[in-house]
Number of protein chains: 2
Amino acid sequence: MHIPNRLLMGPGPSNVSPAVLKALAQPTIGHLDPAFQSLMEDVKEQLRRVFRTKNEMTFPISAPASLAMEAALVNLLEPGDTAIIAQNGVFGGRMADIAKRAGAKVVPLSFEWGKPVCPETVAETVQLHPEAKLLAFVHAETSTGVCSDAERLCSIAHDAGILSVVDTVTGLGGIPVNVDEWKADVVYSGTQKCLSVPPGLAPITFSERAIEAIKARRTQVQSWFCDLNLVLGYWSGTGGRSYHHTAPVNAIYGLHRGLSDLLEEGLEASWIRHRALHDRLADALQELGLEFLVDEAHRLPQLNTVLVPHDIDEAFVRAELLNKHDIEIGAGLGNLAGKVWRIGLMGQTARPESVERLVDMLGHVLTEAGRQAVA
Amino acid sequence: MHIPNRLLMGPGPSNVSPAVLKALAQPTIGHLDPAFQSLMEDVKEQLRRVFRTKNEMTFPISAPASLAMEAALVNLLEPGDTAIIAQNGVFGGRMADIAKRAGAKVVPLSFEWGKPVCPETVAETVQLHPEAKLLAFVHAETSTGVCSDAERLCSIAHDAGILSVVDTVTGLGGIPVNVDEWKADVVYSGTQKCLSVPPGLAPITFSERAIEAIKARRTQVQSWFCDLNLVLGYWSGTGGRSYHHTAPVNAIYGLHRGLSDLLEEGLEASWIRHRALHDRLADALQELGLEFLVDEAHRLPQLNTVLVPHDIDEAFVRAELLNKHDIEIGAGLGNLAGKVWRIGLMGQTARPESVERLVDMLGHVLTEAGRQAVA
């Protein structure tokens, strides 16, 4: 097994520090071992600090973030419930798909890809649907690089007395996420973006209101694995834990170390670093003649969506960067396939040397691709 | 973060070799990187060899084995379908719970805990329910230490023209599993038992018949994450992969290494090793005056369920072994809580030195516990 050393500048995973990799390789212990339970308590507390919440039910789901999305929606929604779901990229669409599979009536709210979710439209729709149980949206759309105004959207939901579900898979650690201040109800993320921990876990937090809604369900949660009523007994801090599933012990070691490092740097410092590196990258890309898909005001600093110039073979550029220079950048997804590159600057990847190396190599490869286009 | 060095002799996880731990700590790369896709192809082929199958759809689910159980059942079952589910422990009960949540009518077949699933009873029930779509059972019941006759049970299902779902979470690698010879339809396992890889992944295999049944569904699979129609595009070997979720890259490194080591040892050699170590343990436990829950003919060599003597505080014994001697053994689960210990001899744990160390220390602790009981 030969694993190359890549500079990971795609939409995730981001580069993982040697310290986190080393943490992964500590000896496996039992998931009910007091030493592991104590570590789980630490991780829950670390996640509360990173999400900026006092929510007791804050923990890492033992699966990728897509399952956290599913857990958020299938716990809150019962057959016949109405869900207002904003869609301005791939992941809003996925939320709608999951909500339908849970038997919910989905009120879809579509916005142009590359634009944020419009709060005014959401407010009108919420007014028109007093029967709605929740509003779901993506804070940081990984497919387009757009940041939506989570604070305002959560506030609209809260004022209307409905629950909010916030996808911030790409947001957490890279831009402000303030769960309690936003009065958000269910917020989830992934480990492999701005937390710079290998993929496989999904931090999630549930407000008291969300838990009350789950306890008040008339029907069982359709998924046994995601049923929060069962998961609660496993992750709850009081007394002995009841067996639910076997937690991914070594992955939790890595998450613990990654969160320690982030909290040591400080959340604000991390946000500033991501913003500063984005500015540096944006300037350099402009010098290369490249343009962004997203207006400056709504760009995610950690996910830069760049339009592929007309005469350039986008797949050639990605392959050259990967195969000759060990740099991964991402392709477009869904409607944007073939039209954009997605350049990640997340977590450990958000360093000056990453920007310099990418810009240098991208310059070379674009020149070569341009020559091919002419020939 | 201080992680103790434990001898893991509970129901899983088992001890992980230094080589597998080292593999986990290799640099993270992208899940769509050709280098990772090539590794995924290797892992799929390794799993085919370990499951003894030619099934194309053989891969590790990116979550613990409980989600593989859910994936098996929710893909095959539609609302109104009938599922015959044998229950002789915790995990058969969990299967029934999941099947009900999928809207299926469950024909429960209960057997005494500590006894195997009775093929004659299953055959009669299958005859009585020509409308049944599948038979599900646990090959290696982790809650009791019982091995059921998977070959015969699958054959009953196959002869009746219904699908079989086999839980061999604790079986794979430790006792014979022959998916193709059994004509089994969906078989799943976990990584943290006899494969000796950290928890978090769940190998699964689907027969052609199972895939046809999934393709012939009238309704969508209720879980987006588990929907095999979507997962197929991500793990399929032909052409480019379509994005589904982000695979747990580093965990797959560990699985690859663990499977390589198992295949190098040889499956038969591993089965023989597990059996030989079980025999050694059983003799030693008998000398300590301990008795097994399960008749010799139906014992899993890798999971030894031992009755707690009347006058002994079972939790004290487990705590002493863990805290003073760094040895983990398991408690009873469900109906057997407080009545048994579960002593695992799985994967890397199945070594002569594990048996010797446990027997020595257990002898000491039992003497101490006996003294307390008298006092």
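The values are calculated or read from the model by the stated rules, or taken from the named source; none is laboratory data. Values in this document were obtained by computation on a predicted structure and should not be read as measured data. Using ideal geometry, Cβ is built from the backbone for each residue, glycine included, and neighbour counts are taken over all protein chains shown.
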Failed item, numbered, when A:Leu307 is tested on (1) modelled with pLDDT of 95 or more; (2) out of contact with any Lys or Arg (no Cβ under 9 Å at 6 or more places or on another chain); (3) aliphatic (A, V, I, L, M): (2)
Taking the range B:104-126, which residues are touching a helix residue (DSSP H, G or I) at 6+ places or on another chain (Cβ under 6 Å) and on the phi > 0 side of the Ramachandran plot? none
Residues that are assigned to a helix (DSSP H, G or I) and exposed (fewer than 11 other Cβ atoms within 10 Å of the Cβ), drawn from the range B:273-296: B:Glu287, B:Glu296
With a cut-off of at least 2 residues that are away from chain A (no Cβ under 14 Å) and free of Cβ contacts under 8 Å to residues at least 40 places away in the same chain, name the strands (runs of 3 or more DSSP E) lying wholly within the range B:134-239. B:163-167
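Name the single residue, out of those in the range A:127-141 being of a type in the set (A, V, I, L, M) and in contact with a helix residue (DSSP H, G or I) (Cβ under 6 Å, 6 or more places away or on another chain), that is nearest to A:Ala65 (Cα to Cα). I'd like the intermediate steps shown before the answer.
If we filter the range A:127-141 for residues that are of a type in the set (A, V, I, L, M), which is where we start, we get A:128, A:132, A:134-136, A:138, A:140.
In the following step, the residues that additionally are in contact with a helix residue (DSSP H, G or I) (Cβ under 6 Å, 6 or more places away or on another chain) were identified as A:134-136, A:138.
Values: A:Leu134: 20, A:Leu135: 19, A:Ala136: 15, A:Val138: 13 Å.
Applying the filter and picking the extreme gives A:Val138.
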Is it fair to say B:Asp311 is touching a residue at least 40 places away in the same chain (Cβ under 8 Å), in a loop (DSSP other than H, G, I, E, B) and among the acidic types (Asp, Glu)? yes
Can you name the residue in the range A:3-45 that is facing chain B (nearest Cβ under 7 Å) and surrounded by fewer than 17 Cβ atoms within 10 Å (Cβ to Cβ) and, of all such residues, is farthest from A:Arg357 (Cα to Cα)? A:Ala35
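Just wondering, is there one or more residues in the range A:62-78 that are part of a loop (DSSP other than H, G, I, E, B) and more than 14 Å from chain B (Cβ to nearest Cβ)? Quick ask: steps written out before the conclusion?
Here is the first cut: in the range A:62-78, the ones part of a loop (DSSP other than H, G, I, E, B) are A:62-64, A:77-78.
After this cut, where a residue has to be more than 14 Å from chain B (Cβ to nearest Cβ) as well, the list is none.
No: the range A:62-78 contains no residue that is part of a loop (DSSP other than H, G, I, E, B) and more than 14 Å from chain B (Cβ to nearest Cβ).
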Those residues of the range A:321-372 which are under 23 Å from the mean Cα position of the chain (by Cα), under 21 Å from A:Arg275 (Cβ atoms) and without any contact (Cβ under 8 Å) to a residue 40 or more places away in the chain amount to A:Trp341
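Could you please find all residues in the range B:183-212 being of a type in the set (A, V, I, L, M, F, W, C) and over 25 Å from B:Gly266 (Cβ atoms)? Break it down into steps so the answer makes sense when it comes.
As a first pass, look at the range B:183-212 and keep what is of a type in the set (A, V, I, L, M, F, W, C): B:184, B:186-187, B:194-195, B:197, B:201-202, B:204, B:206, B:210-211.
B:Val186, B:Phe206, B:Ala210, B:Ile211 - these are the residues of the range B:183-212 that are of a type in the set (A, V, I, L, M, F, W, C) and over 25 Å from B:Gly266 (Cβ atoms).
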Name the residue, out of B:His244, B:His256, that is within 12 Å of another protein chain (Cβ to nearest Cβ) and at pLDDT below 95. B:His244
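Being outside the structural domain of B:Asn88 (by TED's automatic domain parsing), among the polar types (S, T, N, Q) and free of Cβ contacts under 8 Å to residues at least 24 places away in the same chain narrows it down to one residue among B:Gln302, B:Gln286; which is it? Before you say what the answer is, go through the steps one by one.
On the way: B:Gln302 fails: free of Cβ contacts under 8 Å to residues at least 24 places away in the same chain.
After ruling out the rest, the residue left standing is B:Gln286.
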Residue count, the range B:81-133, condition within 14 Å of another protein chain (Cβ to nearest Cβ) and in a loop (DSSP other than H, G, I, E, B), comes to 4
Given the condition closer than 25 Å to B:Lys215 by Cβ and within 16 Å of the chain's Cα centre (by Cα), answer yes or no: does some residue in the range B:84-101 qualify? yes
